[in-house]
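Notes to accompany the following structure.
The values are calculated or read from the model by the stated rules, or taken from the named source; none is laboratory data. Everything numeric in this text was worked out from a predicted model, so none of it was measured. Because the Cβ atoms are built from the backbone with ideal geometry, glycine has one as well, and the counts that use them run over all protein chains shown. What goes into the accessible areas is simple: the full protein's heavy atoms, side chains included, and nothing from ligands, DNA or RNA. Shrake-Rupley method; radii C 1.70, N 1.55, O 1.52, S 1.80 Å.
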Amino acid sequence: MHGCTITTAHYRAHARVLAESFLAANPGASFSVLMIDDSPERPSAPEPFQTLAPADIGIDRAELQRRTTMYITQGMSVSMKPDLLLALLDCGHETVVFVDADGFVYDSLDLLAELAREHSLVLSPHSNDPYPLWEVDSPEQTFIRAGTINAGLMAVSGQARPFLRWWAQRTARRCVFDPPRGLFLEQTWLMLAPSLFEHHILRERGLNVAGWNIHDRDVQWQGERPTIDGVPLRHFHYAMSYDPEHPERLTASEHARWWPSLEQRPGVARLSREYAERLLAAGFRQARQAPPLFDAMPDGAPIEPWMRAAYREALIHAELNDEPEPPNPFAHGQERFLEWLQPRAVERLAGARVGEAGTGSGGAFDGEPFSAQEMAEAMMDTAKLLERIRELERIRDDAVAWAERVSGELKLAGEAIDERNRQLAEQQGVLEEVWNSLSWRVTRPLRTVKEKAARRSGGSS
């Protein structure tokens, strides 16, 4: 049995922890990590896994540049799952188990390998248990949108090659989050697999346990051994951007508001604390300092979502119609890419303007003093955009400096007011002592007579 995952330099600590847990629970197994970015930060110590690059699984430089342009980092990573599994099978591994990098293996996964040998493809559902109805939008509806099959744990044998080739064709160009078209990255396609290919759906209670399927159960502990539903806990999926700096929660995502809290699941809470300690010890904070490599064009200008969408649509059209592919900023240069994008920006803006005008609702483009061409040019001028960002940063820095200066001045003014109040209090005390003294009381009648005489004489004496 061979295990594998896909990650970036940001998730190197996750890969270390996962590989160590996989190998400890499965003696004699091996593990590979596809690192999709070429980070300059290389670990000084050897890793507990074999490191692969996209070129090692058949993703050449040109294809990597295409996917870098059309996909965000997450989409690019998961688009390579079928390619990785195919490559590892071609290397001679009899069965391959894929585990998302944010997972941890607590017990043997031999069952997955056995089922893969028997059924070729092993898939894991999001949940084995029905949920109670949940207001208007229930958790089960979330599963329908995200895909009833979870792509974070699966196993294949050599007989799964037809499925993997089919899956790879779809994730190569259609691995995006696009709800109107029914796409949720690589995961949506797995819903079709049971009707098209030989397979087995896991119902093992201790596999792919996660926040989304612990609504009616908790991890129990037999000494140091975690169990759930009376069986060994084999794998837990710490998904949805788990943060080891906050192990008191499985996720901060608002999309997971229906997950039970860890106060309600003390067994899982212990898992979370221990997993967080492992991640931090494995270099989580250092790995997070690695710069993202796929969010911007070569000069640092961001690749906006509409740019990625326009490029992906044009690439799909070109490949289906045997036409030249559109330029991308990594293979053909940023200037050529922006030049190609400009008329498409005009079309999008003009289309939005027409669409808004057609609704008669006073849309965002109504009354704009700029033409679609002018607005597109403004969008395309990344130099001006970056300069505006720098200008806003200077304004921010000036405002912070002013606030710090005013804060200091207010502090001094407050201290001066406190000192003046103290002096007034002292003077008030002196006056009260005089007013309460015997001499002041004895001479009070004489002072009264003097004040009356002064008023009668017009204040002259």
Are there GluC sites (Glu not before Pro) in the range 236-299 that DSSP puts in a loop and that have at most 14 other Cβ atoms within 10 Å, and which ones?
E245, E248, E263
I need the semi-axes of the equivalent ellipsoid of the range 1-92: take the C-alpha gyration tensor, multiply each eigenvalue by 5, square-root it, list largest first in whole angstrom.
22, 16, 11
Not counting ligands, DNA or RNA, and with a 1.4 Å probe, what is I303's accessible surface area in Å² rounded to the nearest 10?
10
Ordering of 135-142, 341-348 by burial proxy (mean other Cβ atoms within 10 Å per residue, highest first):
341-348, 135-142
So what are the ³J(HN,Hα) numbers for the range 121-133, from phi and the Karplus equation (6.51, -1.76, 1.60; θ = phi - 60°), rounded to whole Hz, Gly and Pro as x?
9, 10, 10, 10, x, 5, 8, 9, 10, x, 9, x, 4
Using mean Cβ contacts within 10 Å as the protection proxy, how do 98-111, 6-19 order, highest first?
6-19, 98-111
For G3, list long-range residues whose amide hydrogen, built 1.01 Å from N in the peptide plane, is under 5 Å from its own amide hydrogen.
S30, F31, S32, V97
Could you work out Rg/(2.2 N^0.38 Å) for the range 31-189, with Rg from alpha carbons only?
1.12
Which whole-Hz ³J(HN,Hα) couplings does the range 264-270 yield from phi under the Karplus relation 6.51 cos²θ - 1.76 cosθ + 1.60, θ = phi - 60°, glycine and proline marked x?
7, 10, x, x, 5, 4, 5
From the backbone phi of the range 71-78, what are the Karplus-calculated ³J(HN,Hα) couplings (6.51 cos²θ - 1.76 cosθ + 1.60, θ = phi - 60°) in whole Hz, Gly and Pro given as x?
10, 6, 4, 4, x, 5, 4, 6
